[in-house]
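First the structure, in the form of structure tokens, and then the observations on it.
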Amino acid sequence: MFRRISVQCDDFDVATEIAVLRENDSRVGAIAVFIGTVREMNDGGNDPENASLPVQTMTLEHYPGMTEKALTKIADEAAHRFDIFGVTVIHRIGELKPLDQIVLVAVKSAHRGDAFDACRFIMDYLKTQAPFWKKETTGKGAHWVDARGSDEEAAARWQLPGNG
């Protein structure tokens with residue numbers, strides 16, 4: 001299975017990454033893609049005082065080595081669960097501004113159902129299992145962004161019975 005995992009400061013070109021993912025693979029009938037970007041407005045998350053404040057920057061940090069290992073494990077689990085031929089996961093780190101791309105998850109498969117499901121699975125687990133930390137800067141200063149309950153709920157849908 002094709003697998004590209006990258007944690008990087010530099011932006012990525014979506015068209016180039018998709019072309020590399022599908023290159024010369026005539027089995028491919030579907031490619032599902034998710035692109036995450038920095039939003040301009042903070043909804044407050046677990047901190048109502050910061051709700052609806054314009055985001056000036058978002059700084060993403062990670063644990064080198066451990067992060068790539070976690071992303072690889074997530075991609076491998078997706079390949080185990082779904083009939084897919086390849087995965088690309090690129091996650092940026094460093095200081096980003098609104099509209100900047102943060103993450104790309106792309107999956108190739110023979111059929112759209114497996115591609116969509118694997119893409120959603122990878123993104124749901126990335127949000128809860130990969131060691132990234134986000135700090136937003138608004139007009140009120142900088143604050144670390146806590147994990148959202150909705151992210152945990154999204155990942156929980158993929159739990160197998162008995163695997164709590």
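The values are calculated or read from the model by the stated rules, or taken from the named source; none is laboratory data. The shown structure was predicted, so the numbers you read here are calculated from the model rather than taken from an experiment. Note: ideal-geometry Cβ built from the backbone for every residue, glycine included; neighbour counts use all protein chains shown. Just the protein is used for accessible areas: all its heavy atoms, side chains included, with ligands, DNA and RNA removed. Shrake-Rupley method; radii C 1.70, N 1.55, O 1.52, S 1.80 Å.
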Within segment 78-87, of all residues that are in a helix (DSSP H, G or I) and out of contact with any helix residue (DSSP H, G or I) (no Cβ under 7 Å at 6 or more places or on another chain), the one surrounded by the most Cβ atoms within 10 Å (Cβ to Cβ) is Ala79
Residue list for segment 5-30, filter: in a loop (DSSP other than H, G, I, E, B) and either surrounded by 14 or more Cβ atoms within 10 Å (Cβ to Cβ) or out of contact with any Gly (no Cβ under 6 Å at 6 or more places or on another chain) (or both) = Asp10, Asp11, Phe12, Asp13, Glu23, Asn24, Asp25, Ser26, Arg27, Val28, Gly29
For segment 138-157, name all the residues that are crowded, with 16+ Cβ neighbours inside 10 Å and either modelled with pLDDT of 85 or more or not in a helix (DSSP H, G or I) (or both).
-> Thr138, His143, Val145
Please determine, by comparing only the residues of segment 58-73 that are closer than 18 Å to Lys134 by Cβ and polar (S, T, N, Q), which one is most open to solvent (accessible area, probe 1.4 Å).
-> Thr59
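For (1) in contact (Cβ under 8 Å) with a residue 40 or more places away in the chain; (2) under 23 Å from Ser52 (Cα atoms), each residue gets a yes or a no:
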position	(1), (2)
Ile122	yes, no
Lys127	no, yes
Lys134	yes, yes
Thr137	yes, yes
Gln159	no, no
